[in-house]
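Worksheet: the structure to be examined is printed underneath.
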Amino acid sequence: MEQYENLLIESIYYAETSVLATINADFTYIEGAPWYELYQYKYDQSFWRLDRFDKLQEQFFLKLPTRVDWTNYNSQDLQIELLVKTRGLTTIPCIWQGCAKPTLQGLAFCERHAYVEMGIRK
Ligand SMILES: [Zn+2]
């Protein structure tokens, strides 16, 4: 029975040190593209995409529904989900005109306005 570093149960992670260690231990590198690298999880053979390192951008590691067209997979919804999960929500309404959704902790905006309009990723 093979031992796995740290079973990944979510569909998206920030590519932090612990996640990079898991990639190193439990994933097989498949191929690279200008912005991304494709990996396959040894545990369940699923395909995952790692953002190439960029000091100006948050780096994500996420599970792909399929390997087909993997560089074009739109991960915005997953990234927004991760943003909400990481920060948490308040009961204060978003200050964006016409928006009354709850704000993210530490911000004056809801997750969609923080992500889309303010460029917040974490
Ligand atoms: Zn809003």
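Every number in this text was worked out from the coordinates using simple rules, so none of it is lab data. Everything numeric in this text was worked out from a predicted model, so none of it was measured. A quick note on method: Cβ atoms are made from the backbone with ideal geometry, for glycine too, and the neighbour counts reach across all protein chains shown.
Quick notes on this one:
- The set of residues in region 65-79 that are hydrophobic (A, V, I, L, M, F, W, C) and closer than 23 Å to ARG112 by Cβ contains only LEU78.
- Residue-level analysis places ARG67 among those that are touching a strand residue (DSSP E or B) at 6+ places or on another chain (Cβ under 6 Å), part of a loop (DSSP other than H, G, I, E, B), surrounded by 13 or more Cβ atoms within 10 Å (Cβ to Cβ) and not β-branched (Val, Ile, Thr).
- Subset tally (residues that are under 16 Å from the mean Cα position of the chain (by Cα), in a strand (DSSP E or B) and of a type in the set (Asp, Glu)) for region 3-53: 2
- Residues of region 24-49 that turn out to be of a type in the set (A, V, I, L, M) and either touching a residue at least 60 places away in the same chain (Cβ under 8 Å) or more than 22 Å from GLN76 (Cβ to Cβ) (or both), as a count: 2
- The conditions of being within 18 Å of LYS122 (Cα to Cα), part of a loop (DSSP other than H, G, I, E, B), more than 12 Å from the chain's Cα centre (by Cα) and of a type in the set (A, V, I, L, M, F, W, C) are met by LEU56.
- Scan of region 79-90 for residues that are among the hydrophobic types (A, V, I, L, M, F, W, C), in contact with a strand residue (DSSP E or B) (Cβ under 8 Å, 6 or more places away or on another chain) and surrounded by 17 or more Cβ atoms within 10 Å (Cβ to Cβ), ordered by number: LEU82, LEU83, VAL84
- The residues of region 5-17 that are loosely packed, with under 12 Cβ neighbours inside 10 Å and either touching a residue at least 12 places away in the same chain (Cβ under 8 Å) or in contact with a strand residue (DSSP E or B) (Cβ under 7 Å, 6 or more places away or on another chain) (or both), listed by number, are ASN6, LEU7.
- In region 91-122, the residues that are in a loop (DSSP other than H, G, I, E, B), near the ligand (Cβ under 8 Å from one of its atoms) and either out of contact with any strand residue (DSSP E or B) (no Cβ under 9 Å at 6 or more places or on another chain) or of a type in the set (Asp, Glu) (or both): TRP96
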